[in-house]
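Reading through the structure tokens given below for one structure.
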Amino acid sequence: MGDRYASFANSGPGRGLVKRLGLPDPPRLRRHRPGDPLIDGPVLLGAAPGGRLAAQVRKVLEAAGVEVLDQPLTEGRHGALIFDATGITDTGHLGELYAFFHPHARSVRTSGRVIVLGSTPQTTAQRALEGLTRSIGKEFGRGITSQLVYVEPGGEGAMESTLRFLLSGRSAYVSGQVVPIGAGTPPVPADWELPLAGKTALVTGAARGIGAAIARVLARDGASVIALDVPAAGEALAGVANDVRGRALQLDLTAGGAGERLASYLSGPLDVVVHNAGITRDRTIAKMDADGWSSVLAVNLLAPERVTAALLDRGLIREGGRIVAVSSVSGIAGNRGQTNYATSKAGVIGLVQSSAPALRQSGITINAVAPGFIETAMTARMPVTLREAGRRMNSMAQGGLPVDVAETIAWLASPGSGTITGAVVRVCGQSLLGA
Ligand code: NAD
């Protein structure tokens, strides 16, 4: 599972060779450790004339202990560049982007951050912002991520959880994304290190890989976790549940009446539901047998659909609850040999987007994360050439870790993210697939 090339490239002899031969150069990514500051180094904050967010951004960041500058450093590098582009309402004003980013393009630290704030993708000038942020993600390198955040009018008070996530090491493998923040003022956690204190979270497929990491991160953030997996994975599941001081539930989600069994197991409503369980049965469609098709659809799409319905019908997702489903970049881009998997994972995006409007009335959000290449047992089984291509064909020149997906889910699951719904956030290091 380990990435030997990345270890070599970051070693003494490796560094020189990588530079000389122009080989892929995977940086060591900054990942969150409890107690870390949000970001290393000051944030340079710029704004186009008429922007409505810069003052609020400054207030939120300064309260979080971040140094915010409106004049660039003359020495040293910035931890992040944030640009309030909400004032750009006319394409004639897009030059404001050049005026801010051109002189500061080389001023960002390794694993630094670029965030552009817009209002809506529905106007020509605002939609144009996406081309800038996605390109910066590809140009800056050195583990620097770049995102576009659209903040709907009325969503000014809802930015904090997203700014904290995007600036911190929690978003190490998230780049080139567009995050929509809707109007409203979600609750502010009493302690940002424990945003899920007092919450109960269900994580499916929690015995190993990404699911185990999700259980650990949600528990770290204060949640009581119910870790669910198939009976055959019972031992590993018990290990994870013990680690997080949670409960283990052995259940095959494709078994008849699985939703009902889950419902009868629960002693009260859930605050967070994470649909993570998933399988692959890769074959081109010409070679795939009917079981290979239906088993993948059953676990990856029908189970989340039915479990969500069973829980909602019985009032077992609390008002203000959070549902996060794990999709895949394959569900966005398609992938040779994965018609079944990509269909199921595109369906997960459909589930999220079609359910979000109705759930809004009960304050429940539903979002998807779409991992790219993540170092797990699933990707360790890939043929070596495909595996190496998956690792390198992204802006970070390396695979992500299960914790990267887990951190993204924890952000979407947190109370402060209550106005983000129907979104799909890729955790793919800005993979070239479907970009
Ligand atoms: P994994 O195979 O390591 O873990 C999946 C878990 O789901 C296993 O513990 C398995 O027992 C469980 N599971 C399978 N069928 C189940 C069922 N019927 N009922 C209950 N549990 C069941 O996989 P992973 O790499 O950790 O992937 C987790 C999720 O992330 C999956 O949905 C996968 O499609 C998605 N994903 C992974 C990658 C990657 O690179 N690893 C990329 C994109 C998406």
Quiz item: Which of the residues that make up the stretch 280-318 are without any contact (Cβ under 8 Å) to a residue 60 or more places away in the chain, surrounded by 21 or more Cβ atoms within 10 Å (Cβ to Cβ), touching a helix residue (DSSP H, G or I) at 6+ places or on another chain (Cβ under 6 Å) and among the aliphatic types (A, V, I, L, M)?
Solution: 296, 301, 317
Exercise. Could you list all residues from the stretch 280-301 that are within 15 Å of the ligand (Cβ to nearest atom) and more than 27 Å from residue 219 (Cα to Cα)?
Key: 280, 281, 282, 291, 292, 294, 295, 296, 297, 298
Quiz item: Hey, among 358, 406, 423, 368, which residue is surrounded by fewer than 24 Cβ atoms within 10 Å (Cβ to Cβ) and either within 17 Å of residue 147 (Cα to Cα) or touching a residue at least 12 places away in the same chain (Cβ under 8 Å) (or both)?
Solution: 423
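Would you tally the residues in the stretch 263-279 being within 12 Å of the ligand (Cβ to nearest atom) and buried (at least 22 other Cβ atoms within 10 Å of the Cβ)?
Within the stretch 263-279, residues that are within 12 Å of the ligand (Cβ to nearest atom) and buried (at least 22 other Cβ atoms within 10 Å of the Cβ) number 5.
So, in the stretch 392-403, exactly how many residues are in a helix (DSSP H, G or I) and either within 10 Å of the ligand (Cβ to nearest atom) or more than 24 Å from residue 276 (Cα to Cα) (or both)?
The qualifying residues number 2.
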Self-check item: Selected residue [under 20 Å from residue 220 (Cβ atoms), of a type in the set (Val, Ile, Thr), modelled with pLDDT of 95 or more and away from the ligand (no atom under 11 Å from the Cβ)] from 421, 408
Solution: 408
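Of the residues that sit in the stretch 331-343 and are small (Gly, Ala, Ser) and touching a residue at least 60 places away in the same chain (Cβ under 8 Å), which one is farthest from residue 298 (Cα to Cα)? First the steps, then the outcome.
Filtering the stretch 331-343 for residues small (Gly, Ala, Ser) gives 331, 333-334, 337, 342.
Filter once more, so that each one left must be touching a residue at least 60 places away in the same chain (Cβ under 8 Å): 333-334.
Numbers: 333: 21, 334: 19 Å.
Result: 333.
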Practice problem: Confirm whether residue 114 is under 17 Å from residue 151 (Cβ atoms) and assigned to a strand (DSSP E or B). | Solution: yes
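Look through 236, 223, 207 and report the one residue that is more than 18 Å from residue 34 (Cβ to Cβ) and in contact with a Gly (Cβ under 9 Å, 6 or more places away or on another chain). I'd like the intermediate steps shown before the answer.
Details: 236 fails: in contact with a Gly (Cβ under 9 Å, 6 or more places away or on another chain); 223 fails: more than 18 Å from residue 34 (Cβ to Cβ).
207 is the lone residue from the list that is more than 18 Å from residue 34 (Cβ to Cβ) and in contact with a Gly (Cβ under 9 Å, 6 or more places away or on another chain).
Just the residues that are within 8 Å of the ligand (Cβ to nearest atom) and either modelled with pLDDT under 95 or not β-branched (Val, Ile, Thr) (or both), please, taken from the stretch 214-253. Let's see the steps before the verdict.
Initial filter on the stretch 214-253 (within 8 Å of the ligand (Cβ to nearest atom)): 228-230, 232-233, 236-237, 251-253.
228, 229, 232, 233, 236, 237, 251, 252, 253, listed by residue number.
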Self-check item: Qualifying position, being within 26 Å of the chain's Cα centre (by Cα) and of a type outside the set (Lys, Arg), among 328, 294, 267
Solution: 328
Practice problem: All but one of (1) among the aliphatic types (A, V, I, L, M); (2) within 15 Å of the ligand (Cβ to nearest atom); (3) free of Cβ contacts under 8 Å to residues at least 40 places away in the same chain hold for residue 384, so report the exception by its number. | Solution: (2)
Quiz item: Quick check, is residue 210 under 25 Å from residue 147 (Cβ atoms), assigned by TED's automatic domain parsing to the domain that holds residue 246, near the ligand (Cβ under 10 Å from one of its atoms) and touching a Ser or Thr at 6+ places or on another chain (Cβ under 9 Å)?
Solution: yes
Exercise. Could you check residue 368 against (1) among the small types (Gly, Ala, Ser); (2) in a helix (DSSP H, G or I); (3) closer than 30 Å to residue 288 by Cβ and say which number it fails?
Key: (2)
Practice problem: Kindly check whether there is at least one residue in the stretch 302-322 that is under 24 Å from the mean Cα position of the chain (by Cα), assigned to a helix (DSSP H, G or I), over 23 Å from residue 218 (Cβ atoms) and within 15 Å of the ligand (Cβ to nearest atom). | Solution: yes
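The values are calculated or read from the model by the stated rules, or taken from the named source; none is laboratory data. This is a predicted model, so every value here is computed, not measured. When we count neighbours, we look across all protein chains shown, and the Cβ atoms used for this are built from the backbone with ideal geometry, even at glycine.
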